[in-house]
Amino acid sequence: AQSVTQLDSHVSVSEGTPVLLRCNYSSSYSPSLFWYVQHPNKGLQLLLKYTSAATLVKGINGFEAEFKKSETSFHLTKPSAHMSDAAEYFCVVSDQLTGGGNKLTFGTGTQLKVEL
Amino acid sequence: NAGVTQTPKFRVLKTGQSMTLLCAQDMNHEYMYWYRQDPGMGLRLIHYSVGEGTTAKGEVPDGYNVSRLKKQNFLLGLESAAPSQTSVYFCASVKDLQGEQFFGPGTRLTVL
């Protein structure tokens, strides 16, 4: 079974400084990987996804992630944090289910705090 | 397009009571999912459906049942609620295996 590990449960940055949220995955083959964001008391929104095309994936709101097979990593970055980026971020791997469909396996989440 | 909607948004139950959560999507998606979110655990798959009239178990199905009588609706039922089912429940749908899963806003359920 595939799995993801988010290495930091909480990250705190100052507004205007870079963001790095770390994710490692475990997979027996080339996976589909995603980053989702969840703002307080809201649903989940897709930031970006990797599906075996370009290894550097650009997403919404200035976020990007790089798939590194040799390191089994899919870290999320942003050059300059904004107050509105404060949220919980989930690294997710997609697995095919028996009988069809695909299952998303979520990491435990990283809470991003942005300070003035 | 309303996307994925969930009703109710909040509910408080007593142990042993039953209830049904409704998920509706207006995007003509084939696949629908029910997840639960608990602190520090991410989201876990309860049940899913690959099309109208089909359902299957996810990783945490015990204590829940589902039905997909219409393509646009996916119902999650709790026959006899337990405190361990206190959670936030999210429904999601996707058009095909390569697509993005769209999530509803969630239902916060408390079982006393």
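The values are calculated or read from the model by the stated rules, or taken from the named source; none is laboratory data. These figures come from a predicted structure and were not determined experimentally. In this analysis, Cβ positions are derived from the backbone assuming ideal geometry, glycine residues included, and neighbour counts consider all displayed protein chains. Surface accessibility is based on the protein's heavy atoms, side chains included, excluding ligands, DNA and RNA. Shrake-Rupley method; radii C 1.70, N 1.55, O 1.52, S 1.80 Å.
Accessible area buried by the pairing of B and A, both sides summed with a 1.4 Å probe, works out to roughly 1700 Å². Solvent exposure of segment B:1-72 amounts to 52 Å² per residue of accessible area, where only protein heavy atoms count and the probe is 1.4 Å. What the Cα atoms of the protein assembly as shown give is an Rg and a Dmax of 17.7, 52 Å.
Ordered from longest to shortest, the equivalent ellipsoid semi-axes for segment A:32-88 are 21, 13, 9 Å, each the square root of 5 times a Cα gyration tensor eigenvalue. Counting Cβ atoms of other protein chains within 10 Å of each Cβ in B:40-51 and taking the mean gives 5.
Find the accessible area per residue for chain A; the probe is 1.4 Å, ligands and nucleic acids are left out, and the unit is Å². Intermediate values should be presented prior to the final figure.
On the way: 5570 Å² over 116 residues.
I get 48 Å² per residue for this part.
How big is chain B by the Kirkwood estimate over distinct Cα pairs, in Å? Working shown, then result.
On the way: mean 1/r = 0.0722 Å⁻¹.
Its Kirkwood hydrodynamic radius stands at 13.9 Å.
Straight-line cross-link partners of B:K95 among the lysines, defined as a Cα under 19 Å from its Cα and at least 8 positions apart when in the same chain: A:K49, A:K103, B:K70, B:K71. Over the Cα atoms of segment B:43-89, the radius of gyration divided by the Kirkwood radius equals 0.97; this is the Rg/Rh ratio. At the residue level, B:D62 shows approximately 130 square angstrom of accessible surface with a 1.4 angstrom probe and all protein chains present.
Using C-alpha pairs under 8 Å with a sequence gap of at least 6, the mean separation divided by the residue count of chain A gives a relative contact order of 36 percent.
Within chain A, all pairs of alpha-carbon atoms sorted by distance into 5 Å bins from zero give the percentages 2, 12, 23, 25, 19, 11, 5, 2, 1, 0.
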